[in-house]
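One structure is given below, encoded as structure tokens.
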Amino acid sequence: LTLRKRCVMMMKLLRGLMGNIYTNYKVDLATNTNPVILYTVPDRVQAVIKSIRVSDDSGSGSTITATITDAGNVEFSLGKDIVVGAAVPVELLTQPLIAKQAEKITVTPGNADRLHVVLSVLEINNNT
């Protein structure tokens, strides 16, 4: 199993034991300029996304587009072509964002191999 799959399995185990989990998800947008799924709300979970932080690690700057896709596969914009300057991190959210089971946060870089993204979230277990 890959490290990511083992981490997901451990999070599912912990989720069953605990009601709420504070965690984060990270992606290095290194490969290309295709959309990348940063986060998918797990089964039986409601997510309070506190932060989506983007930083440039190239010194050149770039742009980023972020969307949320609902369970019906309808895409909604969170921000389009947001400028991320060299050495100037950008916070995409000004308020927490509530996301429901199966909703996805996707990010698309303007340039490959320049941006890192970190999403911080409170996952609330709905197993009651």
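The values are calculated or read from the model by the stated rules, or taken from the named source; none is laboratory data. This structure is a prediction, so every number in the text was calculated from the model and none was measured. Just the protein is used for accessible areas: all its heavy atoms, side chains included, with ligands, DNA and RNA removed. Shrake-Rupley method; radii C 1.70, N 1.55, O 1.52, S 1.80 Å.
For region 76-82, 3J(HN,Hα) computed residue by residue from phi via the Karplus equation (6.51, -1.76, 1.60; θ = phi - 60°) reads 10, 7, 9, x, 10, 6, 6 Hz, glycine and proline entered as x. Given their separation in residues at 0.36 nm each and the Cα-Cα distance between them, A102 and K80 gain 5.7 nm when the chain is fully extended.
In a fully extended conformation the segment linking K5 and I124 would gain 40.8 nm over its present Cα-Cα distance, using 0.36 nm per residue. The angle separating the long axis of helix 3-17 from the principal Cα axis of greatest extent in the chain is about 40 degrees.
Over the chain, DSSP H runs of length four or greater, each weighted -39,500 (n - 2.57), average out per residue to a 222 nm ellipticity of -4000 deg cm²/dmol. Annotated for the chain: lysine pairs at least 8 residues apart or interchain, Cα distance under 21 Å, count 14.
Provide the per residue accessible area, probe 1.4 Å, for the chain, rounded to a whole number of square angstrom.
In whole numbers, the chain has 59 Å² accessible per residue.
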